[in-house]
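Down below is the structure, laid out as structure tokens.
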Amino acid sequence: MMARRASSPASPVTITVSSSGGKGGGDGAVRRSIGLTSPVPRHSFSNTPDSPAAAARRSSRGVSSGGGGRYCSMAANDESQELTSEFVRYTVHIPPTPDRQAAAEEALEPESRPQRSYISGTIFTGGLNCVTRGHVIECSADGASVAKSTGMFCKMKGCDGEAFLSGSKPPCECGFMICKDCYLECAGSGGGQCPGCKEPYGTVTDEEDSASETEDRPLPLTSMAEFKAGRRLSIVKSMKGAPNQGGDFDHNRWLFETKGTYGYGNAVWPRDGNGGGGVGFKGFEEPPDFKGRCRRPLTRKKGVSQAILSPYRLLIIIRLVALGLFLTWRIRHPNHDAIWLWAMSVACEVWFAFSWLLDQLPKLCPVNRATDLSVLKERFESPSIRNPKGRSDLPGVDVFVSTADPEKEPPLVTANTILSILAVDYPVEKLACYLSDDGGSLLTFEALAETASFARIWVPFCRKHAIEPRNPEAYFGQKRDFLKNKVRLDFVRERRKVKREYDEFRVRINSLPESIRRRSDAYNAHEELRAKKKREEVKEDVSEPTEFVKATWMSDGSHWPGTWFSAAADHSRGDHAGIIQVMLAPPNSEPVMGTAATQENNLVDTTDVDVRLPMLVYVSREKRPGYDHNKKAGAMNALVRTSAIMSNGPFILNLDCDHYIYNSLALREGMCFMLDRGGDRICYVQFPQRFEGVDPSDRYANHNLVFFDVTMRAMDGLQGPMYVGTGCIFRRTALYGFSPPRATEHHGWFGRRKTKLFLLRKPTMGKKHDREEKDIVLPPIGDDDNEEGDVESALLPKRFGSSATLVASIPVAEYQGRLLQDMAGAGQGRPAGSLAVPREPLDAATVAEAISVISCFYEDKTEWGGRVGWIYGSVTEDVVTGYRMHNRGWRSIYCVTKRDAFRGTAPINLTDRLHQVLRWATGSVEIFFSQNNALFASRRMKFLQRVAYFSVGIYPFTSIFLTVYCVLPAISLFTGQFIVQSLSITFLIFLLAITLTLCLLALLEIKWSGITLHEWWRNEQFWLIGGTSAHPAAVLQGLLKVIAGVDISFTLTSKPATDDGEDALAELYMVKWSFLMVPPITIMMVNTIAIAVGIARTMYSQFPQWSKLAGGVFFSFWVLCHLYPFAKGLMGRRGKVPTIVFVWSGLISIVVSLLWVYISPPAGARRDYMSFQFP
């Protein structure tokens, strides 16, 4: 089917992307010499001559890469030329579209071609030994419809003519679109008014036209070298002088001619902007503070109050001393009556003290941070000399959303996440969203297409009425008053319309599985009938069964190139081609205002609302048998490469499919840290995870607030929080494995001696540098004479792969992520306004290049997954990735916003929660036995940061001692012995001191972190539940992988679908049996039986030892209190207990009773009752 379409007359254009060695790449014949080029010239990201884009163009001029080769521009007489490449042959077939005909394409000049690319209606596929194909699934009817979709038509009522552009802009500065005829009617002889802003039109001359073009350009800074000796400093070089004037501007002369007034040493600014004291004189005001914007910080650090922090640190020292004295006393006073019981208890207590110290030391320096969004807007989105129109100078952000299985991750949940991203409060032209479908499912693809369609209604509605949150499911499901802070009269009416549209959207999404299945069955039945007719025509035996593969069909009647419902060759979950579909094309750089609401078209009146949408891309990387695809880490690295070629945002936000943007200003909050002073050393900004749908009592500590609000805040005071897998804004160059511009090495005890490193200064030959890890430094940009830069540039393809486009995008991303030049401490900054330029358009060549970098073999013999991108080899790739960045000297920031930045879902079912904890703990064990152990960290990592990462790797091993310690009270009650010889006053004082200091530390942590006592207690309970169930299994699995090489595989955590009513917590009461439940059940049963046995033994004993009974019962009761949520989870809904629980309880009770009778037989019983003799 695919081969036939490739050779059909509908696909006459063939472009060869180099390659040899591939079987499916074609026969080498080149039908046409048309290159995959954009109809619009591909300009750089910056117009400044010293930007890296210009250097990248100089370095890669004439070369553009494919995934393993180069694009070969071949003329008609070059058909016999032999292609010499070392990789797979790719052929791109582009069918003709309504806005690009094959015959007319050759006749048209580049200037007369359509200015809009058709890539948003084309699905691109390709991969190993198969053609890279562009298949048009939806396209505009003609060029006029394309223009109308982008707002390029006359907005006068009753007129739909093509917009008249003066140069490349509308005739009025307000941007009101108007056709030439309407413009002549309104302008008349030059005194008419613009229908949009009601301001008079001006006559545009050639000089003004050229001047306006000059205004759009970033202006160069004036260098002090231009001032010559003896020259007056009041004369500066004019940036845009008139043709009849000189190049210098004399301020003194201007003040004299305009009657400017001087004050004490400075020019006094009149209130009306004019000098003199004439009739309209209004007095004077303070001159504007031009440098205030640079001095005001974007962020500030607020330390915890010393009234809380000082007692907190003092209590840590007191408890540490108490633990030392207690352990010393315990070792010096053994229990000779039960030495084995004493030895086990002392070993456990020593380990507990050690693990508590590892957990407590990183909490010595907690901090809080705050941002100032008004300064961000003033500095990057206000008119200035270099940005006269006030276009956004913020850097671009690429948002990654990952999903793998539409059955466990419902498409409606993913769709709501995408909608919240598209509606975020960030410049539209600087935002791009990429969805990674690692399962290659048609269900996810069509759900994303429906999402893109509904976004045209939802996003303008959110912008107009400032909707929060911008997830429609969460917004319409709120219980609070939706009229709060809403002042527009049309809000209720438009909300009702959008709510009705969303309900229909939900129905369409939920019915997609059945719709796709029925459509595929119909097409397959038709294909089967055609196959039978062909057999009848050739007179074959029709009674024999027909060999027919049931395919999955798209809505346009073509085969889905991804995974089919019935697995087949090249169409299974682990064997399918790479797919890229641009659902929403990159928007225009200028705002496009909407139109009034009508019954036919718009549901929302968007007259004064920008209706542009960010770019939205569907990506499914290629998968083939025999290749290790590295799970989520491999999918994220594929998105990094794809986005580098298509949008190349210098910052990346990654989200899970069930984590949506709850605060529309979250991206701006993160950018405040990245763009503030010292932000060039920040590798990522981590946001806390917040969860919805959790039961009110938080039975299984799903909110995990002790970690997110205590541990992560404390790590923020060191070198930064660890990366937790979602809700994180990355610096792209940090993901590429580059070192920070500046770093600090820590030497001596506890790293007290520091050495500053400036890594932008490349080391000279002959000097020795003691580095634990070789630094990757970006080569100098635009320096053709630098030999070291040439060597470094030559090494980049070996690290990042054979795509020259990807390599050329690296310095561009680094340049766009720099701080501003006028900011204090910015070593190599960029000039203000350098990013206020339009993004280069997408074309077919760019998407074909992106297809090549998501192939299954692209990462071979590169450093992807080893140093570049997300790190491979661990179940918890997130922690390892963040650790590697901190190890190079980067630092991270923890951003806690007043309104939660992101919200997601958590598994509320006990079994799912235990499996989630099992995966985390197994990853920690892998880290402990790998080179990522903090014991091997470099000197650039702070001492306490090492302690924090070492604690992450070692905490699962605490479960071994914890399980033993939970059984010791039961053993004590069974045997009548205790961990000490007798309950002396010394032992009780030590125990009381340790317990009181622990409680006081908890209260102070609650005070400075803002959590509640209930949340702290839930965390303590689940610490013991996880420590006796999932953590021991994780240690066993980790040891099996390290020693025996047994691979570890995990299933996805199921994401709960959005349900209403009382079924929202149905999974909470569902009991799914798992062998992880056996250890906690055993511990509960043993301790319960032991309490009964101990009481009975003491009551009927001739010499009762009540002190030992009290000690044993106290510790057993402590264990049972921690396991109470686990026991409650086994009861299910309304006390229904599964039969398997009764079976295991009975077996455990029988075994424990027999063991007790054997260990401590009744008085007068014979000792040989357990011996066996033959009759």
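The values are calculated or read from the model by the stated rules, or taken from the named source; none is laboratory data. Quantities reported herein were computed from a predicted structural model and do not represent experimental measurements. Methodologically, a virtual Cβ is constructed for each residue, glycine included, from the backbone with ideal geometry; neighbour enumeration extends over all protein chains shown. Surface areas here come from the heavy atoms of the whole protein model, side chains and all, with no ligands, DNA or RNA. Shrake-Rupley method; radii C 1.70, N 1.55, O 1.52, S 1.80 Å.
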Within the set LYS180/LYS499; LYS155/LYS898; LYS155/LYS486; LYS1007/LYS1072; LYS499/LYS898, which residue pairs have Cα atoms separated by over 32 Å?
LYS180/LYS499; LYS155/LYS898; LYS1007/LYS1072
Test of understanding: what is the full-extension gain from THR1012 to VAL492, defined as 0.36 nm times their sequence separation minus their Cα-Cα distance?
183.4 nm
On the protein heavy atoms, probe 1.4 angstrom, tell me the percent of accessible surface of the stretch 336-396 carried by carbon and sulfur.
67
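Scan the stretch 429-494 for trypsin sites (Lys or Arg not before Pro) in coil per DSSP, keeping those whose Cβ has at most 11 other Cβ atoms within 10 Å, and list them by number.
On the way: sites: LYS430, ARG456, ARG463, LYS464, ARG470, LYS479, ARG480, LYS484, LYS486, ARG488, ARG493; in loops: ARG470, LYS479, ARG480, LYS484, LYS486, ARG488.
Counting only loop positions with at most 11 other Cβ atoms within 10 Å, the trypsin sites (Lys or Arg not before Pro) in the stretch 429-494 are LYS479, ARG480, LYS484.
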Label point 7 Å beyond Cα of GLN931 along Cβ direction - residues of the stretch 858-880 with amide nitrogen under 11 Å
866-867
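What's the local net charge at ILE871, with K and R +1, D and E -1, over the other residues with C-beta under 10 Å away? Let's see the in-between values first.
Numbers: positive: ARG867, ARG884; negative: GLU877, ASP878.
My count for the surroundings of ILE871 gives 0.
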How charged is the neighbourhood of ALA633? Take every other residue with its Cβ under 9 Å from the Cβ of ALA633, and add Lys/Arg as +1 and Asp/Glu as -1.
0
Whole-Hz ³J(HN,Hα) for each residue in the stretch 522-531, computed from phi via Karplus 6.51 cos²θ - 1.76 cosθ + 1.60 with θ = phi - 60°, x for glycine and proline: what do you get?
5, 5, 5, 5, 5, 5, 5, 5, 5, 5
Which number do you get for Rg(Cα) / (2.2 N^0.38 Å) in the stretch 348-455?
1.71
Size of charge dipole - the stretch 386-458 - debye, nearest 20, with Cβ of Lys, Arg +1 and Asp, Glu -1, no other charges
600
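About its Cα centre, what dipole magnitude does the stretch 448-603 give when the only charges are +1 on Lys and Arg Cβ and -1 on Asp and Glu Cβ, stated in debye to the nearest 20? Before the final figure, lay out the partial values.
Details: 28 positive and 24 negative charges, 250 e Å.
Using Cβ point charges on Lys, Arg, Asp and Glu, the stretch 448-603 gives about 1200 debye.
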Can you order the peptides 527-535, 870-878, 363-371, 437-445 by their average number of other Cβ atoms within 10 Å per residue, highest first?
437-445, 870-878, 363-371, 527-535
Inter-label distance, nm, simple model (7 Å from Cα along the C-beta direction), SER558/ALA525:
2.6
